[in-house]
Amino acid sequence: MKTRFKFPTQILFGEGVLDDLPAELAAMGAERPLLVTDQGLSRTPIPDQVKALLERAGLQVAVFSAVDPNPTDAQVDAGADSFRAHQADAVVALGGGSPMDAGKAIQLRIHHLEPLEAYDDLKGGDAKIVGPLPPLVAIPTTAGTGSEVSRSAVITVAAAGRKVVLFSPRMMPAVAICDPTLTYGLPARITAETGMDALSHNVEAYLSTGYHPMADGIAITAIGMVGAFLRRAVADGKDEQARREMLMASTMGAVAFQKGLGVIHSLAHPLSSVSGVSHGLANALMMPHALRFNAQAVPERVAAVGRALGAKDASPEGAAAAVEALLAKIGLTQRLTEVGVQDGQLAELVDKAMQDGCHGCNPRACAPADFEALFKAAW
Ligand SMILES: [Zn+2]
């Protein structure tokens, strides 16, 4: 057996590491960063704080914040125009998954000028991503996506009406600055939903096929951290230990899912694109049912997920029950019809879940009838 491992990038972690941002940019030779953030975060003081921090260090900063929850190709191109107009020399991506993905795509766009679809990873577009890109520093303000340590970005191509996955090791942030204090102000609801995304990354990585004991070790440890600390972070946003452990578990999730994702994400993606359910909540809703489904293929691994979450029942069912108990404690619903999924959408959900690439490394093969049964179990 031969395999190649590459562990991701420089990670600065801890309360106050944001203060190191100017020095990190200086070490890259950057003097004119473009700060990429989104509309939601712009309603908080955080982008202005970061801008002021950079300006105090003598850097010339421009801000681009026209990024939606599902960033589009037009927004990416507008961001690249801002980069050029400012004569920027680095991107600082600040926020949740959306601005971090937009920042990666803007960084790509500076020297890659074909229509964005040409770089679609599903069509071999990664081979077209060449040469050094402008350096990117990623600063997460949620604990869920882990995009600060991943090499991909998901962008909606409006004309094609679909999402394109951009993937290249060159898109990996040069530095991830993970400062838990930036998550203290996150509302309980967003803390719960994004935290379940972090859990799903770790669970899917741990269960996915493929040989990656390093990713497995990271994933099962982070599952235990979410089990121990998500409740506390939701109950008290200023619980420093809980915020720190959740941000680390989120970063670990994206390191681990280099190994692969699975059926939960294939179920969740159409719930977002067809029914408008947030990504974290969609994962949360489907996770117990996916664990029961996968228990037939990898019962020991599913049982280990349950033990890591603190389940007293050491059977595979203990894992599904532990997730359901966690969902109840963090105040998330468990039924699709309660989050706006319509009866008439089932066929489209099944169709799109089947087309989704994530279940390719799920431990149990998924047929359309399986997706239908899984959606119905959560209906
Ligand atoms: Zn996810």
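Numerical summary
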read-out	value
Enumeration of residues in the range 179-191 that are assigned to a helix (DSSP H, G or I), of a type in the set (A, V, I, L, M, F, W, C) and within 13 Å of residue 234 (Cβ to Cβ)	188, 190
Qualifying residue in the range 256-264 (condition: closer than 27 Å to residue 7 by Cα, at pLDDT below 95, more than 12 Å from the ligand (Cβ to nearest atom) and touching a Gly at 6+ places or on another chain (Cβ under 6 Å))	yes
Hey, residue 203 among the β-branched types (Val, Ile, Thr), within 14 Å of the chain's Cα centre (by Cα) and under 21 Å from residue 375 (Cα atoms) or not	yes
Selection within the range 336-350 - under 25 Å from residue 120 (Cα atoms) and under 23 Å from the mean Cα position of the chain (by Cα)	349, 350
Search result, residues across the range 144-173 that are within 21 Å of residue 94 (Cβ to Cβ) and not in a loop (DSSP other than H, G, I, E, B)	147, 148, 149, 152, 153, 154, 155, 156, 166, 170, 171
Conditions (1) more than 16 Å from the ligand (Cβ to nearest atom); (2) surrounded by 22 or more Cβ atoms within 10 Å (Cβ to Cβ); (3) closer than 26 Å to residue 15 by Cα; number of the one not met by residue 119	(3)
Which listed residue is over 21 Å from residue 377 (Cβ atoms) and not aliphatic (A, V, I, L, M), from 280, 276, 227, 262	227
Some residue of the range 120-134 being in contact with an Asp or Glu (Cβ under 8 Å, 6 or more places away or on another chain), assigned to a loop (DSSP other than H, G, I, E, B) and at pLDDT 95 or above	yes
All positions within the range 302-323 that are more than 17 Å from residue 230 (Cβ to Cβ) and in a loop (DSSP other than H, G, I, E, B)	312, 313, 314, 315
Output for the range 351-367, where each listed residue is buried (at least 16 other Cβ atoms within 10 Å of the Cβ), of a type in the set (A, V, I, L, M, F, W, C) and more than 20 Å from the chain's Cα centre (by Cα)	354, 366
From 281, 267, 271, residue being of a type in the set (A, V, I, L, M), within 13 Å of the ligand (Cβ to nearest atom), in a helix (DSSP H, G or I) and out of contact with any His (no Cβ under 9 Å at 6 or more places or on another chain)	281
Those residues of the range 124-147 which are small (Gly, Ala, Ser) and surrounded by fewer than 24 Cβ atoms within 10 Å (Cβ to Cβ), in sequence order	124, 125, 127, 131
Residue count, the range 188-206 (criterion: within 13 Å of residue 224 (Cα to Cα) and either free of Cβ contacts under 8 Å to residues at least 12 places away in the same chain or of a type in the set (Val, Ile, Thr) (or both))	1
Residue in the range 204-219 that is at pLDDT below 95, within 12 Å of the ligand (Cβ to nearest atom) and not polar (S, T, N, Q) present	no
Residue in the range 244-255 that is in contact with a helix residue (DSSP H, G or I) (Cβ under 6 Å, 6 or more places away or on another chain), away from the ligand (no atom under 16 Å from the Cβ), closer than 29 Å to residue 156 by Cα and not charged (D, E, K, R) present	no
Options 255, 341, 234: the member that is part of a helix (DSSP H, G or I), more than 16 Å from residue 145 (Cα to Cα) and touching a residue at least 40 places away in the same chain (Cβ under 8 Å)	234
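Residues checked against (1) surrounded by fewer than 17 Cβ atoms within 10 Å (Cβ to Cβ); (2) hydrophobic (A, V, I, L, M, F, W, C); (3) within 16 Å of the ligand (Cβ to nearest atom); (4) over 23 Å from residue 239 (Cβ atoms):
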position: 98; (1), (2), (3), (4): no, no, yes, yes
position: 149; (1), (2), (3), (4): no, yes, yes, yes
position: 177; (1), (2), (3), (4): no, yes, no, no
position: 193; (1), (2), (3), (4): no, no, yes, no
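The values are calculated or read from the model by the stated rules, or taken from the named source; none is laboratory data. In this text the structure is predicted, and so the values were computed from the model without any measurement. Heads up, the Cβs are rebuilt from the backbone with ideal geometry, glycines too, and the neighbour counts pull from every protein chain shown.
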